[in-house]
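The values are calculated or read from the model by the stated rules, or taken from the named source; none is laboratory data. This structure is a prediction, so every number in the text was calculated from the model and none was measured. A quick note on method: Cβ atoms are made from the backbone with ideal geometry, for glycine too, and the neighbour counts reach across all protein chains shown. These accessible areas exclude ligands, DNA and RNA; they are computed on the full protein's heavy atoms, side chains included. Shrake-Rupley method; radii C 1.70, N 1.55, O 1.52, S 1.80 Å.
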Amino acid sequence: MDITKKILLLTLFQGFVCQRWEFPTKIDGLVGSCVEIPCSLRETSGTFGTVWYLYHRREYPQFFNSLRNSSVSESYRGRTSLVPGKNSCSLRIDPVRREDGGKEYYPGIAEDQDTNAFKQQRRKTLQLYVTDTASIPGLIGIEEMVEGRPKMVSCSVVHTCGSNPPSLRLNKAGQTERQSVDLSDGNWREILTIRYIPLYEDDKTQFQCTATYHNGRTSQKATTLSIRYAPKDVTVSLPKNEAVLEGSDVMLTCSSRSNPPPHTYEWYRGNSKIKLGSQDQKIKVQNVSKDTEPYSCTAINDVGRGESPPTEITMQCMYILLIGNNAKR
């Protein structure tokens, strides 16, 4: 054998040994959506035709062929295409069908039936797992919210359709930013981050993220918000359905809404702060008269404080009540 033939055979042998197909051994696909299987052929230069095979004990049908579409099994025609890239054999299936699942696939070079991952790399194949259930988004950053303090909240979902990711939508207003992260092996994470400014009106409401997939299906994640805020709507109230007589005693109550509840109360008579019992939610005013000054209160929690408007104690004179009782008789 002359030297030229030896060099040629050595070159072919080295090419056969060094070629290496890089692709995951398993990937998930959503029925009706698309799936993109990442694949590259290492230690190869130039262009080459790509073929993907469906593993079978006797025959190895093709479900993609970049050179001869007529060689592709009819059920896959029009649903498979290459994802652009250098030395790429990455494959896109769109839409994914339920019957695509539970099967094994592997790539090869279209011009050479012997040059493929199954023969060269210890029968390496990819298994496609197909599901009808869309992945549910995750929410991060919804803890420890305080009214008025901006909070970065992220909604994210993992998918396998890199070029056509699910669309994420939030039910709260704020400045948003979108990001796609390649997690490798055909998995991507779509992230929607919002700069949310908590409002006390949103306390106990739902913070919801909705993911809409390529096939139109949706999935949702919702969490009830707990927003800490200072006391609101602070009022001083008198006993209901109870007449206040001049010279009698009356119980006043300081009411408000807040999260967390108030831990301290301050009471004022006119402009003067009442010291005795001022931390109680209720106080007793003794011997009320028409000259009694208005009362107000301040409710205080860990976030802040809220003040009530001055409230006058309206009373009825004794003789008016007696006249009213005699009239009823």
Can you pull out the residues in the range 114-142 that are closer than 20 Å to residue 64 by Cα, basic (Lys, Arg) and free of Cβ contacts under 8 Å to residues at least 24 places away in the same chain?
-> 119, 123
Any idea which residue in the range 160-186 is farthest from residue 213 (Cα to Cα), counting only those that are open to solvent by 80 Å² or more (accessible area, probe 1.4 Å) and among the basic types (Lys, Arg)?
-> 178
If a residue has to be closer than 30 Å to residue 156 by Cα, touching a residue at least 60 places away in the same chain (Cβ under 8 Å) and not hydroxyl-bearing (Ser, Thr, Tyr) to count, how many in the range 215-253 make the cut?
-> 8
Under 8 Å between Cβ atoms, at least 6 apart or on separate chains: pull out the pairs that start in the range 182-202 with a residue that is over 17 Å from residue 143 (Cβ atoms) and part of a strand (DSSP E or B) and end on any residue that is polar (S, T, N, Q) and open to solvent by less than 60 Å² (accessible area, probe 1.4 Å).
-> 187/160; 188/160; 189/156; 190/156; 191/154; 191/156; 192/154; 192/156
In the range 141-150, anything open to solvent by less than 50 Å² (accessible area, probe 1.4 Å) and in contact with a Pro (Cβ under 6 Å, 6 or more places away or on another chain) is listed as 145
Restricting the search to the range 284-302, which residues are within 39 Å of the chain's Cα centre (by Cα) and open to solvent by 50 Å² or more (accessible area, probe 1.4 Å)?
-> 302
Going through the range 187-222 in order, the residues found to be small (Gly, Ala, Ser) and either modelled with pLDDT under 95 or open to solvent by 70 Å² or more (accessible area, probe 1.4 Å) (or both) are 216
Residues (in contact with a Ser or Thr (Cβ under 8 Å, 6 or more places away or on another chain) and at positive phi) located in the range 158-210 = 186, 204
Test result for residue 157, buried (at least 17 other Cβ atoms within 10 Å of the Cβ), touching a residue at least 40 places away in the same chain (Cβ under 8 Å) and within 22 Å of residue 38 (Cβ to Cβ) = yes
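Out of the residues in the range 47-86 that are β-branched (Val, Ile, Thr) and open to solvent by less than 20 Å² (accessible area, probe 1.4 Å), which is farthest from residue 117 (Cα to Cα)? Please lay out each step first, then the result.
In the first step, residues of the range 47-86 are kept if they are β-branched (Val, Ile, Thr); the result is 47, 50-51, 72, 80, 83.
Retained after the next criterion (residues that are open to solvent by less than 20 Å² (accessible area, probe 1.4 Å)): 50-51, 72.
Details: 50: 12, 51: 11, 72: 18 Å.
The residue in question is 72.
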Please identify the pairs in which a residue from the range 162-180 that is in a strand (DSSP E or B) has its Cβ atom under 6 Å from the Cβ atom of a residue that is open to solvent by 80 Å² or more (accessible area, probe 1.4 Å), counting only partners at least 6 apart or on another chain.
-> 175/195
Subset of the range 132-161 (residues that are closer than 21 Å to residue 95 by Cα, part of a loop (DSSP other than H, G, I, E, B) and touching a Cys at 6+ places or on another chain (Cβ under 9 Å)) | 160, 161
From the set of residues in the range 114-140 that are open to solvent by 30 Å² or more (accessible area, probe 1.4 Å) and over 40 Å from the mean Cα position of the chain (by Cα), which is farthest from residue 21 (Cα to Cα)?
-> 114
Any pair with Cβ under 8 angstrom, 6 or more apart, that starts in the range 87-101 at a residue that is on the phi > 0 side of the Ramachandran plot and surrounded by 15 or more Cβ atoms within 10 Å (Cβ to Cβ) and ends at one that is modelled with pLDDT under 95 and of a type in the set (A, V, I, L, M, F, W, C) | 87/41
Sole miss for residue 111 among (1) touching a residue at least 24 places away in the same chain (Cβ under 8 Å); (2) under 36 Å from the mean Cα position of the chain (by Cα); (3) open to solvent by 20 Å² or more (accessible area, probe 1.4 Å) is condition (2)
